[in-house]
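Structure first, then comments.
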Amino acid sequence: MSTQKQIDTQIVICGRGGQGVLFLTRLLDESAIMIGSKVISSETHGMAMRGGSVASSVRIGNYESPLIPSGEADILIAVNEHEVPFNMHLMKKDALVFVNSSIRRHNAIHAEKIARLLGSPMVTNLVLLGFASAHAGFPFQYAHINKVLQKISPSKALELNLRALTEGYNLATA
Amino acid sequence: MLQKIKKEAILMGNEAIALGIIENGCNMASSYPGTPASEILSSIAHYRDAYGLKMHVEWSVNEKAAFEVALANSYSGCRSAVSMKQVGLNVALDSLMSSAYTGVVGGFLLVSADDPGPHSSQTEQDSRFIAMLAKIPVLDPCSPREAHDFIATAYELSEKYEIPVLLRPTTRVCHARQNVASGKLLKNKRKAMFSKDPARWAATPKFRLTLHKDLNKKLSLIASEKKLQPFFYKSGTSNQNNCIIASGVAYSYVLDFLTEHHLLDKVALCKVPMPYPLPDSFLKSITTKFHKILVIEETYPVIELQIHDRRNVTGRLSGHVPNAGEITPDIIYPVVNKFLNIHGKPLKQAKAGGQRPSLCAGCPHRATYFSIKKALPKAIYAGDIGCYTLGINLGAVDTCLCMGASINQAAGFFHSFKSTGSEAKPIVASIGDSTFIHSGITALINAVYNGARFILVILDNSTTAMTGNQPTAATGVRADGTSSSGLQLDKLLEGCGVTYIKTIDSYDVQGITSTLKDADTYTRSQNGGIAVIISKHPCLIGSKHKKTITVTVGENCTGCRYCITNFECPALVHENKKVFINPVLCSGCGVCVHVCPVHAIKVQ
């Protein structure tokens with residue numbers, strides 16, 4: 001068990017099929033359950049996964065249903081920046097938005113470029129999550145996610161996954 | 001890989017269902033893959049090994065086969081589970097209708113996963129109506145946790161009344177994740193035993209009438225089963241004026257809304273765990289207790305229709321809840337607000353658009369469809385169900401009805417044009433290997449028997465790709481990884497009476513194009529018939545594919561976008577009036593080299 005406090009947060013993760021949106025969803029689910037929180041999340045499968053738009057929702061707290069109503073999400077993690085506009089209606093006014101983008105702007109990081117430098121664009125999602133975890137408003141701290149990642153990563157991918165998460169975190173705190 | 005669950009774990013709805021099946025002494029599970037139900041069977045296979053259980057687990061070739069295999073196990077006194085997507089139940093409907101009459105001995109759990117939306121299906125039909133049609137009970141879980149917990153109940157109910165029981169999760173239950181507490185592991189100690197009873201297991205029409213009467217008796221008893229009665233979220237709320245009746249995931253949305261807006265004291269919330277059969281007493285009395293009732297359910301008005309006096313009842317039937325599409329919080333909240341005369345703040349609208357799905361870079365189907373379009377541009381393209389339905393993006397799919405329909409429809413087009421003396425067009429049917437085995441074989445036999453002429457392209461990628469790469473009967477591997485003698489497609493085709501059979505690698509654009517033209521000639525020749533081309537190349541997902549060539553775009557690219565429009569490969573990117581190849585996405589199939597009209601795309 002981590003020392004983290006109980007939380008009530010609703011997170012949207014968006015991207016395109018194949019960009020690791022499902023893995024991030026699972027990672028956040030497990031991060032929540034490790035601190036003893038209730039969690040319910042929703043994923044996109046099937047036809048939508050062939051490179052099409054994909055969005056997951058993660059609701060941590062006392063929720064019974066998996067979808068986030070419009071205007072109630074606290075955080076958006078956009079593995080693909082082109083998907084941001086299609087999810088903005090879900091966000092609160094003061095929501096935190098973390099984006100993988102080559103354009104320099106608030107809470108943006110070119111996660112894909114960093115992932116490629118690390119050896120694989122497949123870990124773009126984790127670079128972005130590491131980056132987000134450095135923000136004071138993010139519900140899980142880097143160390144906590146790191147622990148969860150060690151638990152759920154396939155052993156073959158573990159080393160690269162951890163490097164990606166750490167690199168994203170370091171760039172945010174540098 | 002799923003592991004043994006000690007106390008609690010976060011599980012996808014389908015995993016939770018699989019866990020419930022494992023825990024309740026089931027010794028046989030069968031399925032045919034289909035979104036959103038696919039992960040149920042693969043999870044059962046994983047759990048079986050993690051728990052060290054003896055179980056027969058199979059990917060059947062279609063839902064009817066899956067249903068009947070599992071049914072015989074229940075005839076033998078053992079517990080079975082058969083899972084499928086909702087349109088799969090249409091394929092198994094014949095078996096279901098009859099099995100309701102014969103009933104079962106060992107518990108028979110049927111899981112039919114509905115897809116309101118629809119997200120990944122050709123209809124958003126409601127399996128609860130099918131339960132009603134077949135006269136079997138149906139449980140409607142509102143979450144992964146409840147889906148798991150319902151399985152013990154379903155098996156008890158099935159054995160108490162010797163009847164198949166339907167569990168009807170929807171996409172938002174199947175593909176939601178939630179903490180789920182594990183249940184007690186019931187060790188299966190039963191031995192299969194078949195007691196002969198021809199009046200039941202082989203009933204002739206005369207005995208069928210008796211069975212039908214028995215079934216009616218069972219249903220009226222099931223309707224009053226204490227554990228499965230509609231109930232109020234808060235007891236003592238029946239002094240309210242208004243009531244919302246809900247089932248499935250819609251109940252969870254309503255509960256979250258009422259909780260968040262502190263409305264649970266303002267309206268009675270009634271949950272229906274078993275939408276069919278409902279007790280008459282409930283259906284009659286509920287309308288006398290409240291001034292106004294709102295029914296919220298997915299996807300068709302099953303509960304609403306059963307209420308006797310609907311004068312003060314609103315829902316999907318009355319049009320107060322939209323009568324098509326998924327129920328989401330954004331759909332429900334304004335409906336509930338209006339029902340309670342609350343002025344809610346307007347919801348932000350979602351922006352329309354987003355990226356449409358397309359075939360993966362390097363997908364062998366893309367190459368095949370490009371060749372079909374090139375060789376026979378004026379043909380009628382009868383399509384089928386699978387990843388390759390996305391061939392529609394390439395303009396090479398004109399119809400998509402249901403599993404196996406491409407072949408029957410191609411035959412139908414042929415006879416339609418011929419019998420009316422209309423100008424004959426080339427007809428090309430395309431179907432994947434798994435779909436062909438599912439329901440294309442009988443279609444082909446019919447087409448040959450009745451003298452149809454067309455080209456059939458079997459897109460053989462040696463897997464069931466769309467639903468997560470499950471093996472097929474031709475792969476030579478079973479659900480649990482053991483090997484089986486693989487079905488040989490060419491021999492099967494010969495047996496169906498086809499004499500024109502050619503197998504070509506899907507990436508061989510020139511080979512397929514010339515064969516298609518040759519096949520077209522054959523279908524028109526005096527002694528011609530149906531020409532079958534097996535376009536064979538393994539799906540890149542899940543196969544050990546290595547990029548062996550690098551493709552580049554030369555300076556002579558005119559930026560005409562021909563490749564973007566007609567080939568639609570995600571690795572081809574149009575930027576600053578030129579085309580580039582995204583090296584990350586490119587699989588190195590080299591097919592696009594044949595696509596560029598000015599030969600600007602080259603192998604490096």
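The values are calculated or read from the model by the stated rules, or taken from the named source; none is laboratory data. No experiment lies behind these values; they were computed from the predicted model shown. So basically every Cβ, Gly included, is an ideal-geometry build from the backbone, and we count neighbours across all protein chains shown. Ligands, DNA and RNA are excluded from the accessible area calculation, which covers all protein heavy atoms including side chains. Shrake-Rupley method; radii C 1.70, N 1.55, O 1.52, S 1.80 Å.
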Within region B:13-48, considering residues that are out of contact with any Ser or Thr (no Cβ under 8 Å at 6 or more places or on another chain) and among the hydrophobic types (A, V, I, L, M, F, W, C), the one surrounded by the fewest Cβ atoms within 10 Å (Cβ to Cβ): B:Ala45
For the condition in contact with a helix residue (DSSP H, G or I) (Cβ under 9 Å, 6 or more places away or on another chain), modelled with pLDDT of 95 or more and over 28 Å from B:Thr389 (Cβ atoms), what is the one hit in A:Ser57, A:Ser31? A:Ser31
Of all residues in region B:310-337 being in a helix (DSSP H, G or I) and in contact with a Leu (Cβ under 9 Å, 6 or more places away or on another chain), the one that is most open to solvent (accessible area, probe 1.4 Å): B:Pro334
How many residues are surrounded by fewer than 23 Cβ atoms within 10 Å (Cβ to Cβ) and of a type in the set (D, E, K, R) when one looks only at region A:51-83? 4
Boolean, A:Gly52 is of a type outside the set (A, V, I, L, M), more than 9 Å from chain B (Cβ to nearest Cβ) and under 21 Å from B:Ala350 (Cβ atoms): no
I'd like the residue in region B:225-258 that is part of a helix (DSSP H, G or I) and exposed (fewer than 15 other Cβ atoms within 10 Å of the Cβ) and, out of all such residues, is nearest to the other protein chains (Cβ to nearest Cβ). B:Lys227
Condition first: open to solvent by less than 70 Å² (accessible area, probe 1.4 Å) and aliphatic (A, V, I, L, M). Now tell me which residues in region B:567-589 satisfy that. B:Ala571, B:Leu572, B:Val573, B:Val579, B:Ile581, B:Val584
I'd like the residue in region B:366-418 that is farther than 23 Å from B:Ser514 by Cβ, part of a helix (DSSP H, G or I) and within 14 Å of another protein chain (Cβ to nearest Cβ) and, out of all such residues, is most open to solvent (accessible area, probe 1.4 Å). B:Ile392
Residue under question is B:Val428, and the condition is that it be farther than 28 Å from B:Val57 by Cβ and either open to solvent by 40 Å² or more (accessible area, probe 1.4 Å) or part of a loop (DSSP other than H, G, I, E, B) (or both); does it hold? no
Could you pull out every one of the helices (runs of 4 or more DSSP H) wholly within region B:140-224 that has 1 or more residues that are surrounded by 14 or more Cβ atoms within 10 Å (Cβ to Cβ) and within 14 Å of another protein chain (Cβ to nearest Cβ)? B:144-161, B:171-174
Every listed condition ((1) at pLDDT 95 or above; (2) open to solvent by 10 Å² or more (accessible area, probe 1.4 Å)) holds for A:Leu128 save (2)
